[in-house]
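Chemist: Quick one: structure below, then a few questions.
The values are calculated or read from the model by the stated rules, or taken from the named source; none is laboratory data. The structure presented is a predicted model; accordingly, all values stated were derived computationally and were not measured. For neighbour counting, all protein chains shown are included, and Cβ atoms are generated from backbone atoms with ideal geometry for every residue, glycine included.
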Amino acid sequence: MTDSPLRIVVIGSSTAAGTGAESPEDGWVNLYRNFLQDQYPGSEVINLGLGGQQTYHLLPTAHRPPPARPLPDPERNITRALALNPDAVIVNAPSNDAAAFYGPEEQLANFDLIVQTALTAGVPAFICSTQPRRFEPEQVHIQIRVKDAILNRYGPLAINLWDNLATPDGFPDEMYDSGDGAHLNNLGHSQVFESVRVCDLPARLIQARSTAGYWQQLGETLGLAQSRPIRSRALAKFKPRMVHQWLALPQLFRLPNLAIVFLSQWLPYWFVLRPAILKAGGIPALDERTFGLVAAATILATLAGYIINDYYDREIDAVNRPESVVVGRHIPSGIVLLIYLGLTVLVHLLALRIFLLLPGPKSFWPLILFPLVSFLLFLYAWQMKCTPVMGNVLVALLCGAVPIITLLPEDRTVWLTSFHEPTLIHGAVGLVWVYAIFAFSTNLLREQVKDLEDFQGDAACGCNTLAVLKGTRFARIPAGIIGLALCALIVLLLFFWAETGAPNWRIGAGAGLLLVPALLASGLVFFATTRRHFTWASRCIKIVMLAGLVLLLPGLPEMLEAFAK
């Protein structure tokens, strides 16, 4: 025993940061700090853990990873840890690499580099094993292989967390699960603390002080004390290949969502507003060509927003939906940014072309609207997504604006024809606004549900949505209220159809395809117990979106027959 204080630095991800514990004091690092200070007064445990960190973030600052992999975090990596002059470093990166489908060889190459860097500086780096997480079978297999490799490769520098936390099938034991299948509750953190405590790091550090060059010698024994950084030849296979890039493009472009955007603009214009203008004796400002340009600018601006959002969300998505991650996994981040930049420039050029083609008197709305939309979508991806409610409202407003964009070029025509057929024109314009309100309300609900569905990754990466700040139990309340408000709007619509003599099939379809899915979504939000329930709620909302686009059209059978001809 010795009275000399010890300084230990912890680097890692959300488990090190204490995520899942009821309070920061219940996290395993704080438990270990209290234990160490009680046994060795004056000792320090410095916690650099941060949710969402992968092994790449923990590598030395000067290291340059292969393409499509994160850069080291200079504030929380091994370089920063060694700058604090520790007696030891504990590395706790238990599952985010597997969440991003990084294989065992890739992870071990990173752990090797971290351990080598520390041992070269005369400081031991103790590597915690992986810990169980509710993954897909392929990822569970990765976790088990990495766990076994860590315990075999690093020997006295390995800390076994797995055995105390895992069930035989590789999932976290329910008694240690905080409820999201990824993070540990108080009891789980106490198990991690116990695994670290029984390794008796202070005794090892005290023993090493009596032997000059102890840690360098251990590094040589483990085959990690080399004169140059370790790089695994296996890393080359993780470079994105061009064939993978092209196959991943449809997933990056979210074609079904773009189709909904197009329909929400095309249907109300060509089947509501334009027929009313023609019937009133007016000449529409938009023809097939100019409408195509407006629709193209709208869709490309939306696509650019999806892409920049995927770029900023790549670490969050690696936790929430690792199987669908494209940015950084199939397509390098730099190429994604170039695609975004190219789309944004194209949107601006289309806006200029629309301005030049539209008949006089000229209006500057295309030159203002589309750059503004591009900026707001960038602002959402960059900053506002990780704000409570405000980001949801911004996206919903932009979605609600899609149907009413066509009112801008037709403003003068609508004004002139309203003198001849005021009831017809006002009804058509009102229906376009109904489309806008419908798009706003459904997308606001969907954004709220997505935040609940993505709580795990948002919390791990410090994205402060309402669900993260107040908890999912609280965040379900406003989302459920919005769902009930949507149900109330649908009920009003059904009553309106009934009072105006709408056919029974329309009322029945509205009840079955609008009201029932909206009620199901609201119920799932209020009573959800797992992430899967929020996923089902999101699918119900998509049904409402698609059905509403069609059912809101007046004289639907006649229009479909005319369109078929």
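Chemist: Is there any pair with a first residue in region 137-159 that is of a type in the set (D, E, K, R) and a second that is assigned to a helix (DSSP H, G or I) whose Cβ atoms are under 6 Å apart and which are 6 or more apart or on different chains, and what are they?
Modeler: Every condition considered, the pairs that remain are Arg145/Pro104; Lys147/Trp162.
Chemist: Sticking with this structure for a sec: Please verify whether region 126-135 includes one or more residues that are at pLDDT below 90 and surrounded by fewer than 19 Cβ atoms within 10 Å (Cβ to Cβ).
Modeler: yes
Chemist: May I pose another question? Could you tell me which residue of region 507-531 is nearest to the chain's Cα centre (by Cα), considering only residues that are under 16 Å from Phe496 (Cβ atoms) and in contact (Cβ under 8 Å) with a residue 40 or more places away in the chain?
Modeler: Step by step, filter region 507-531, then rank; the result is Gly510.
Chemist: Take the residues of region 460-491 that are over 16 Å from Ala537 (Cα atoms) and at pLDDT 95 or above: which is surrounded by the most Cβ atoms within 10 Å (Cβ to Cβ)?
Modeler: Checking each candidate, the answer is Ile490.
Chemist: Is there a residue in region 167-177 that is among the hydrophobic types (A, V, I, L, M, F, W, C) and touching a strand residue (DSSP E or B) at 6+ places or on another chain (Cβ under 8 Å)?
Modeler: Checked against the condition, which is being among the hydrophobic types (A, V, I, L, M, F, W, C) and touching a strand residue (DSSP E or B) at 6+ places or on another chain (Cβ under 8 Å), region 167-177 yields no hits at all.
Chemist: Under 8 Å by Cβ, and 6 or more places apart or on different chains, what pairs join a residue from region 404-417 that is touching a residue at least 24 places away in the same chain (Cβ under 8 Å) and assigned to a loop (DSSP other than H, G, I, E, B) with one that is among the β-branched types (Val, Ile, Thr) and surrounded by fewer than 21 Cβ atoms within 10 Å (Cβ to Cβ)?
Modeler: Pro409/Thr290
Chemist: If we scan region 92-103, do we find a residue that is modelled with pLDDT under 95, among the small types (Gly, Ala, Ser) and part of a helix (DSSP H, G or I)?
Modeler: yes
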